[in-house]
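Only one structure is covered here, and it is reproduced in the block below.
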Amino acid sequence: MQCVRPLWGLTAAAVCALLLLLLLHNHMLREGQLSAGSCEVVTLDRDSSQPRTTIARQTARCACRRGQIAGTTRAQPACVDVRIVRTRQWCDMSPCLDHEDCGLLFNNSGWTCTQPGGRVKTTTVS
């Protein structure tokens, strides 16, 4: 019986240490590490100095899986198949919202998203 008490104490200490490690790991993931296959917007700048035109520049941070690269899906940063970027077939990554039509720019330097009312959003890749 006297040997069992220290054993229970060690077991309880080990369980507490494990819970503490789990909490620290979850806190580190929330503090700056992205889960695999996800992206987040880091900066977003808008310039409305031109009449009827808004220029938006966005920087995203992604943690893509093997075979993927940072891209855009439904107007949000996302990890997409690297083949899309290599072949510059931008509309294959579904960059526009569901109600918009995607079109490639004439030199494949980007794409346009056309809304039903005729408003066009143009995205170029630098």
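Loop-located trypsin sites (Lys or Arg not before Pro) in the range 39-126 (DSSP state other than H, G, I, E, B) with a sparse environment of at most 16 neighbouring Cβ atoms within 10 Å: R52, R65, R66, R74, R88, R119. Between the amide H of C64 and those of G37, distances stay under 5 Å, these residues lying 5 or more places away or on another chain, with hydrogens modeled in the peptide plane.
Less than 5 angstrom separates the built amide H of A78 from those of G71, T72, T73, all sequence-distant by 5 or more or on a different chain.
As I understand it, the dipole of the range 60-124 uses +1 on the Cβ of Lys and Arg and -1 on the Cβ of Asp and Glu, about the Cα centre. Which of S109, I69, T122 lies farthest toward its positive end? My answer, from the dipole projection, is I69.
The chymotrypsin sites (Phe, Trp or Tyr not before Pro) found in the range 77-113 that occupy coil by DSSP, while having at most 12 further C-beta atoms within 10 Å, are F106. Each other residue within a Cβ distance under 13 Å of L105 adds +1 if Lys or Arg and -1 if Asp or Glu, for a net charge of +2. Computed with a 1.4 Å probe over protein heavy atoms only, the accessible surface of the range 55-114 comes to 62 Å² per residue. Leaving out ligands, DNA and RNA, and with a 1.4 Å probe, what % of the accessible surface on the range 26-126 is carbon or sulfur? The value for the range 26-126 is 47 percent carbon and sulfur by accessible area.
The values are calculated or read from the model by the stated rules, or taken from the named source; none is laboratory data. Computed from a predicted structure; not experimentally measured. Don't worry about glycine lacking a Cβ; one is built from the backbone with ideal geometry, like all the others, and counts go over all protein chains shown. Ligands, DNA and RNA are excluded from the accessible area calculation, which covers all protein heavy atoms including side chains. Shrake-Rupley method; radii C 1.70, N 1.55, O 1.52, S 1.80 Å.
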